[in-house]
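Note sheet for the following structure.
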Amino acid sequence: MTGLDLALTLILSSVLIVLAIIDWRSYRLPDYLTLPLIPAGLTAAWLLSEPLWLHALGAGLGYGALVALEKGYEAMRGRPGLGRGDAKLFAAGGAWCGALALPTMLLAASVSAILWILALRLVNGQELKADSMIAFGPFLGFGIAFTFVAQRLDLLAFAGI
């Protein structure tokens, strides 16, 4: 990992940690933190000499995918299941990691959320119900940070990411 890789990782991780704390407490991912992450991610891609178009595509696809999931869930269940802040954060993840990394980010986020839910059940006996609220931002932030670091360490090179 180069000095630039480390600096970018620290910047991204710092903002993701702040976002995770805010979302955990308030179920909100504020635009003043999520939106600047998109051009910052595109700038990081440029600094790392990565294909800028792939990162811009990642931002657009990331946003569109979670908005589609949000709308689909709401149409099926009659109530929101995701907030638009999650879509903006996923767009930022796409900007930082690129379009090819979107599935990895979402998988890491989803698996970590499921493990958290299982831990709550095992440790506290807390059972989630259909109307239970869970902040997804902390898990999405983990998925983004995990993927970005894994890319820097070439741990995902086998998948072309």
### Query
Between a first residue in segment 82-102 that is farther than 22 Å from residue 134 by Cα and a second residue that is of a type in the set (Ser, Thr, Tyr) and at pLDDT 95 or above, which pairs have beta carbons less than 7 Å apart while being 6 or more apart in sequence or on different chains?
97/147; 101/147
### Query
If you go through segment 138-159 one residue at a time, do you hit one that is in a loop (DSSP other than H, G, I, E, B) and at pLDDT 95 or above?
no
### Among the residues listed as 129, 71, 88, the single one being closer than 21 Å to residue 25 by Cα and over 12 Å from the mean Cα position of the chain (by Cα)
129
### Summary
Listed by range, helices (runs of 4 or more DSSP H) wholly within segment 9-124 having at least 2 residues that are loosely packed, with under 15 Cβ neighbours inside 10 Å are 31-47, 52-77, 102-124
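The values are calculated or read from the model by the stated rules, or taken from the named source; none is laboratory data. Source: prediction; values computed, not measured. Note: ideal-geometry Cβ built from the backbone for every residue, glycine included; neighbour counts use all protein chains shown.
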